[in-house]
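Remarks on the structure that follows.
The values are calculated or read from the model by the stated rules, or taken from the named source; none is laboratory data. The model shown is predicted, which means the values in this text are computed figures rather than measured ones. Note that we place each Cβ from the backbone using ideal geometry, even for glycine, and neighbour counts take in every protein chain shown. Accessible surface areas use protein heavy atoms only, side chains included; no ligands, DNA or RNA. Shrake-Rupley method; radii C 1.70, N 1.55, O 1.52, S 1.80 Å.
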Amino acid sequence: MLRALAVDDERPSLEELLYLLNADPRIGSAEGAGDATEALRRINRALESGPDGPDAIDVVFLDIQMPGLDGLDLARLLTGFARPPLVVFVTAHEDFAVQAFDLKAVDYVLKPVRKERLAEAVRRAAAQRGTTPREAAPRIPVHEPDPDQIAVELGGVTRFVAVDDITHVEAQGDYARLHTDRGSHLVRIPLVTLEERWRSRGFVRIHRRHLVALRHIGELRLDAGTVSVLIGSEELQVSRRHARELRDLLMRRTTG
């Protein structure tokens, strides 16, 4: 079973997180720290105790924005340890996701924390540590995803965005940012996966960082040997290797 440390400078958030962790059958013990400095002292004690010692910690559930040493700073320090605990970030801000996964975080959970979403983070940590639950966890029904929608998480709430509303997708590490006319959403799906999934829906790669929906391209621009597309008011560069395929697809679309 996992031995967890929760770190948050806001006491109500810390108590809620500890309550949810202790309710999970895969968590053997959970304790809290009110800031990153206190957490670092506790982690040092765990490392001195060894992986099988009484003070060992398997996973740290870590807030990001804290006074003094913040969560990202602490995670960077942990990467220098020989056998650091796993890290799950728990934060109200989605803007740090790319940095978090660059630091090899197991997961990135947005506040307010939902029980089901935290359970998924615990599952990922348990899978990496090879742990077993205290008792058989209830089976959660698995439904086939709706091909016309994609689930996104915003402020602890799962919403569904219509694929037809997505104008283009931008790669951000292990994440992808979905752009629509009304805003953008970050999902933990690599760009290459979305490219394969949505190829039949008219999405095409134009750059190593961008996937665009053909129907949302307003203009194809050629200027001094460079190619770009206009989507709404945003101009995106087309790489040389993708330019010919894009021109052919647009021509077939307009003449077909």
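Let me know the charge dipole size of the chain about its Cα centre in debye, to the nearest 20, where only the beta-carbon of Lys, Arg (+1) and Asp, Glu (-1) is charged.
Dipole size: approximately 1060 debye.
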Determine the percent antiparallel among the DSSP beta bridges restricted to the chain, to the nearest 5.
65
What FRET efficiency do you get for R124 and D55 if R0 is 22 Å and r is their Cβ-Cβ distance, rounded to the nearest 0.05?
0.40
Taking 0.36 nm per residue of separation and subtracting the Cα-Cα distance, what length does fully extending M1 through Q172 add?
58.3 nm
The FRET efficiency for D73 and D223, from their Cβ-Cβ distance with R0 = 41 Å and rounded to 0.05, is 0.40
Per residue, what accessible area does region 48-123 have, given a 1.4 Å probe and all protein chains present, in Å²?
45
When the label point is put 7 Å from the Cα of R241 along its Cα-to-beta-carbon vector, which residues of region 176-197 have a backbone N closer than 15 Å?
192
As I understand it, the dipole of the chain uses +1 on the Cβ of Lys and Arg and -1 on the Cβ of Asp and Glu, about the Cα centre. Which of G32, V212, S49 lies farthest toward its positive end?
V212
With the Cα gyration tensor of region 1-122 giving a ≥ b ≥ c as the square roots of its eigenvalues, does the rule (a/c under 1.5 for rounded; else a/b larger than b/c for prolate; else oblate) give rounded, prolate or oblate?
rounded
I need the peptides 6-12, 214-220 ranked by packing, meaning the mean over residues of other C-beta atoms within 10 angstrom, with the highest value on top.
6-12, 214-220
Give me the percent of the accessible area of the chain that comes from carbon and sulfur atoms, probe 1.4 Å, all protein chains in place.
48
The rounded separation in angstrom of the Cα centers of region 181-256 and region 75-92 is 36
The FRET efficiency for R11 and S184, from their Cβ-Cβ distance with R0 = 35 Å and rounded to 0.05, is 0.60
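Between F160 and A92, what length comes free when the chain is fully extended (0.36 nm per residue of separation minus the Cα-Cα distance, one decimal in nm)?
Length gained, F160 through A92: 22.5 nm.
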Using alpha-carbon coordinates, inclination of helix 36-49 to the longest axis of the chain, degrees
60
Kindly identify region 1-43 as rounded, prolate or oblate by the Cα gyration tensor criterion: order the square roots of the eigenvalues as a ≥ b ≥ c, call it rounded if a/c is under 1.5, otherwise compare a/b with b/c, prolate if a/b is larger, else oblate.
oblate
Cα Rg over Rh - the chain, Kirkwood
1.07
How much accessible area per residue does region 185-242 have, counting only protein heavy atoms and a probe of 1.4 Å, in square angstrom?
57
Pull out the extension gain between Y19 and L250, defined as 0.36 nm times the separation in residues minus the alpha carbon to alpha carbon distance; nm, one decimal.
77.7 nm
Rounded, prolate or oblate: pick one for region 56-122, where a ≥ b ≥ c are the square roots of the eigenvalues of its C-alpha gyration tensor, a/c under 1.5 means rounded, and failing that, prolate if a/b is larger than b/c, else oblate.
oblate
